[in-house]
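A.B. asks: After the structure tokens below, expect a handful of questions from me.
Where a number appears in this text, it was derived from the coordinates with a stated rule and is not lab data. Not measured: the values here are computed from a predicted model. Cβ placement follows ideal geometry from the backbone for every residue including glycine, while neighbour counts extend to all protein chains displayed.
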Amino acid sequence: MTEPDSKPKKGRAGRKKAEPVRPPEQFLELAELLDYVGQVIARGVPGGVWVRAEIASLTDRRHLYLDLVQAGEGGAGGVGEVAKCRATVWARERFALEAKFRGATSGATLSAGLKVLLFGTAEFHPQYGFSFNVLDIAPEYTLGDAALRLEAMRAELVAEGSYGLNRLLPVPTDFARVAVIAPKEAAGLGDFRRETDPLEAAGLVEFHYLEATFQGREAGASLLRAVAAARELHEEKALDALFVIRGGGAVTDLAWLNDLDLARALATFPAPVVTGLGHARDDTLPDEVACLRTDTPSKAAAYLVRTVVNAAAQAQEAARTIRAEAAHVLVEAEAAAAWARDRALSSAVRRVDAAAAEVDALMRQALGLTPQRTLARGYALVRDAAGQPVTRAAGVQSGEPLTLEWSDGSVPVRVE
């Protein structure tokens, strides 16, 4: 039996002749493979399961189309993303599911960034790939996760000593220069300005409005930039307060405000922080670290206006008190002046009377020393020829005629 020649024959040039390569004879059509994958998934996950994930994005087209992710340490959407798939909330389940979620979360809706616990079935379609069909949701998980994160951030702020710093600042007793952080063109900002714009128009309060995003993944960074801008304003000229306001929202909407870096920036802000974040029952971390919390932008504005009005009333009362005190002092001064005048007048009268008495005595004394009185006491007055008194013997010359005068008459004499 001749064995087949397995070696390729050489041509005239000595080259090998290549044999044609045949494709594999056994293979699957793509649809068959994907059908097989679908069967494997159906057998491996035979019923509904609860799945924990984070909503990376959401598209509303009657049905809700979700992108679910599981994040590692790097965070969702970054290098820490370890799993991702599509999920669908069909219109037939959507109404009941959203009503359940809104009822448990004070009106919140499903949105990107929420951590959720979903119940559904895993399906694989040859044309559309893998998908998770959502049949139910556990909103208490979303709320619980937010509460746990809030508690962890609160503990970190307490440990580093910044949690209560802003609350140690004195509550403002008047406002002259204020910064306000709010969403752009938000209804809450309009409510605030309706109350406060008249104060600015009257030149009583200087307002600086800073825009920020309060919801979504950009909220933390946006609010941090606004707080940094407010700090720069304070360094230029001291602010009396920083107001952080936004309109009402669901509990899950408020969760975007629970950002550690934002809370630290507000807690260490050099001026009192006042919040009006549109909710009364639930606290956010900014509420906790702020010097003063109000429930809504309108209440924040009312507090500001009331403080300015009270300060003005106190100033008016102080002015009235000063005027009354000045009038009292003036009356007392006039009374004191009158008393001093009367006292000076009495003293002057006494002095005049004393002087008059003294003059009178002197007059009497002077009258007692007249020449007639002196002569009556036995004395004689010497006069010269001209009738002038002679008071010194040295002034008399021999032979000069003189006259000696007594009280009862006079006698002419001549000096020898």
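A.B. asks: What distance in nm separates the two pseudo spin-label positions at Phe130 and Arg22, each 7 Å out from Cα along the beta-carbon direction?
C.D. replies: 3.8 nm
A.B. asks: Then there's this: Alpha carbon centre of the stretch 289-345 versus the stretch 78-150: separation in Å?
C.D. replies: Computed from Cα coordinates, the inter-centre distance equals 62 Å.
A.B. asks: Summing Lys, Arg as +1 and Asp, Glu as -1, what charge do residues with Cβ under 15 Å from the Cβ of His125 carry, His125 excluded?
C.D. replies: In short, -2.
A.B. asks: What do you get for Rg/Rh of the chain when both radii come from the Cα atoms and Rh is the Kirkwood radius?
C.D. replies: On the Cα set of the chain, Rg over Rh gives 1.75.
A.B. asks: Enumerate the helices in the chain for which the Kyte-Doolittle hydropathy averages -1.0 or more and the C-alpha atoms extend at least 24 Å along the helix's axis, using complete DSSP H runs.
C.D. replies: Span-like helices, by this rule, are 139-160, 219-236, 297-368.
A.B. asks: Is the shape of the stretch 30-137 rounded, prolate or oblate, going by the alpha carbon gyration tensor and its root eigenvalues a ≥ b ≥ c, with a/c under 1.5 for rounded and a/b larger than b/c for prolate?
C.D. replies: oblate
A.B. asks: Another question about this same structure. DSSP beta bridges in the chain, what fraction antiparallel, as a percent rounded to 5? Can you show the working numbers first?
C.D. replies: Numbers: 40 of 59 bridges.
DSSP beta bridges in the chain are roughly 70 percent antiparallel.
A.B. asks: Continuing with this model, one more query. Using 0.36 nm per residue of separation minus the Cα-Cα distance, give me the extension gain between Ala176 and Ala155 in nm, one decimal.
C.D. replies: 4.1 nm
A.B. asks: Then there is this: Ala336 versus Ala229, label points 7 Å from Cα toward the beta carbon: distance in nm?
C.D. replies: 5.8 nm
A.B. asks: Expected output is a single nm value to one decimal: the length gained when fully extending between Leu168 and Leu362, i.e. 0.36 nm times separation in residues minus the C-alpha distance. What is it? Numbers along the way, then the final one.
C.D. replies: Details: separation 194, 0.36 × 194 = 69.84 nm, distance 8.45 nm.
Here the answer is 61.4 nm.
A.B. asks: Turning to a different aspect of this structure: Helix-only estimate, please: 222 nm mean residue ellipticity of the chain, summing -39500 (n - 2.57) across DSSP H runs of length 4 or more and dividing by its residues, to the nearest 500.
C.D. replies: Details: 10 runs with 179 residues, N = 416.
Computed mean residue ellipticity for the chain: -14500 deg cm²/dmol.
A.B. asks: Fewest Cβ neighbours within 10 Å first, please rank Phe192, Phe95, Phe207 accordingly.
C.D. replies: Phe95, Phe207, Phe192
A.B. asks: I want to check the label-to-label distance for Arg62 and Glu236. Put each point 7 Å from Cα in the C-beta direction and report it in nm to one decimal.
C.D. replies: 5.4 nm
A.B. asks: For a Förster distance of 41 Å, can you work out the FRET efficiency between the beta-carbons of Val329 and Val309, rounded to the nearest 0.05?
C.D. replies: Details: r = 30 Å, r/R0 = 0.73.
Step by step, r from the Cβ atoms, then E = 0.85.
A.B. asks: Express the relative contact order of the chain as a whole percentage, based on alpha carbon pairs under 8 Å and six or more residues apart in sequence.
C.D. replies: Relative CO of the chain lands at 10 percent.
A.B. asks: Assign one of three labels to the stretch 174-263, namely rounded, prolate or oblate, based on the Cα gyration tensor with a ≥ b ≥ c the square roots of its eigenvalues; rounded applies when a/c is under 1.5, prolate when it is not and a/b is larger than b/c, and oblate otherwise.
C.D. replies: oblate
A.B. asks: If you don't mind, there's one more thing I want to ask. Given a Förster distance of 22 angstrom, what is the FRET efficiency for Asp35 paired with Thr121, based on the Cβ-Cβ distance and rounded to 0.05? Let's see the in-between values first.
C.D. replies: Working: r = 17 Å, r/R0 = 0.79.
So, using R0 = 22 Å, E works out to roughly 0.80.
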